[in-house]
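S.K.: To start, I am sharing the structure in question, which I have written as structure tokens.
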Amino acid sequence: MELLKTFWSPARGDNFTASTTQGEGSAYAAGYSFVRNEGYVYDYQAPGTVPLKLFWNPERGDNYSTATREGEISAYAAGYSFVRNEGYVFPYRAYGTVPLKLFWSPERGDNFTTATREGEVSAYAANYRFVRNEGYIYPIR
């Protein structure tokens, strides 16, 4: 299991969710700051899990994490490119898991994926709109 972490870039107005060493390194290299731990994801495809895919859109300066077919279709339709899998999540509520929620800010052109109450409060405070649950992960205890 790996920690799923949220990073923030005020220069880009972008939230970036990563669990891999490569993702974390990319965040720091691009000037992002660590915000919080969101929960735990698998670092391998455990039975019943699906990939949490990271996409990037250079025009928007937006990182976007999705684990749903709908999210992947939306990413490609909006000009995003696949970067890598950032972990594996359940597509359904498994025992002990919490929703990994996707929010969208049209003002910032930013997708924001969070599984914590703090992240959800932050999203609504910044006028993000809830889009869908992207999957389910294990919470921080």
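S.K.: What is the chain's relative contact order, in percent, from Cα pairs under 8 angstrom and six or more apart in sequence?
M.R.: Answer for the chain is 27 percent.
S.K.: Among the GluC sites (Glu not before Pro) in segment 45-141, which ones are in a DSSP loop with at most 13 other Cβ atoms within 10 Å of the Cβ? Mind listing them?
M.R.: Taking segment 45-141 and a limit of 13 other Cβ atoms within 10 Å, the loop GluC sites (Glu not before Pro) found are E59, E107.
S.K.: Considering only protein heavy atoms and a 1.4 Å probe, what is the carbon-and-sulfur percentage of the accessible area of the chain?
M.R.: 52 percent
S.K.: Would you calculate a helix-derived [θ] at 222 nm for the chain, using -39,500 (n - 2.57) for each DSSP H run of n ≥ 4 and dividing by the full residue count, to the nearest 500?
M.R.: Rounded to the nearest 500, the figure is -5500 deg cm²/dmol.
S.K.: Calculate, in nm to one decimal, what Y124 and T21 gain on full extension: separation in residues at 0.36 nm each, minus their alpha carbon distance.
M.R.: In short, 34.2 nm is gained.
S.K.: Still on this structure, please answer the following. Quick check: Cα centre of segment 1-33 to Cα centre of segment 43-86, how many Å?
M.R.: 14 Å
S.K.: Let me ask another. Measuring with a 1.4 Å probe in the full set of protein chains, what accessible area per residue, in whole Å², belongs to the chain?
M.R.: With all protein chains present, the chain gives 48 Å² per residue.
S.K.: Something else now. Need one word for segment 48-132: rounded, prolate or oblate. Basis is the Cα gyration tensor (sqrt eigenvalues a ≥ b ≥ c); a/c below 1.5 gives rounded, then a/b vs b/c decides.
M.R.: Note, shape of segment 48-132 comes out oblate.
The values are calculated or read from the model by the stated rules, or taken from the named source; none is laboratory data. None of the values given here were measured: they were computed from a predicted structure. No Cβ is skipped: glycine too gets one built from the backbone with ideal geometry, and neighbour counts run over all protein chains shown. These accessible areas exclude ligands, DNA and RNA; they are computed on the full protein's heavy atoms, side chains included. Shrake-Rupley method; radii C 1.70, N 1.55, O 1.52, S 1.80 Å.
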